[in-house]
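A.B. asks: This is the structure, below, for whatever I ask next.
Here, each number is a calculation from the coordinates, and none is a lab measurement. Note that the structure is a prediction, hence the values are computed from the model and not measured. Positions of Cβ are backbone-derived with ideal geometry, glycine not excepted, and every protein chain shown enters the neighbour counts.
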């Protein structure tokens with residue numbers, strides 16, 4: 001990060017509060033996208049599917065990292081980028 005970041009609300013899914021999305025720009029160029037799915041549905045019927053159109057001139061590849069937990073209110077067994085960050089107490 002360059003201390004020049006600017007965050008833009010993408011108004012994803014017509015502004016649905018359960019699936020917000022934000023673009024982060026550095027020096028006027030898109031550098032990151034943050035996508036959220038706050039729907040608490042263990043069946044998988046509410047999994048978020050996203051299509052991103054990356055402007056020409058930006059890197060041709062992206063890195064995807066997931067923050068996941070058993071539910072949106074979970075305090076334990078939360079994982080970031082495949083690593084469990086907080087396990088339940090004994």
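A.B. asks: Output the relative contact order of the chain, whole-number percent, from Cα pairs under 8 angstrom with separation of 6+ residues.
C.D. replies: Rounded, it is 16 percent for the chain.
A.B. asks: Using the 10 angstrom Cβ neighbour count as an exposure proxy, how do 75, 65 rank, fewest first? Don't jump to the answer; show the numbers that get you there.
C.D. replies: Numbers: 75 11, 65 7.
With the fewest neighbours first, 75, 65 line up as 65, 75.
A.B. asks: Considering only C-alpha atoms, what is the centroid distance from region 30-55 to region 65-81, in Å?
C.D. replies: A separation of 14 Å, based on Cα centres.
A.B. asks: Now, a different point. Computed from these coordinates, which is Cα extents along the principal axes in Å: (i) 48, 29, 22; (ii) 48, 28, 17; (iii) 42, 30, 20?
C.D. replies: (i)
A.B. asks: Only helical DSSP H runs with n ≥ 4 go in: add -39500 (n - 2.57) per run for the chain, normalise by residue count and round the 222 nm mean residue ellipticity to 500 deg cm²/dmol.
C.D. replies: Here the helix-only value at 222 nm equals -500 deg cm²/dmol.
A.B. asks: Given a Förster radius of 25 Å and the C-beta distance between residue 77 and residue 49 as r, what FRET efficiency does 1/(1 + (r/R0)^6) yield to the nearest 0.05?
C.D. replies: Working from the Cβ atoms, E equals 0.55.
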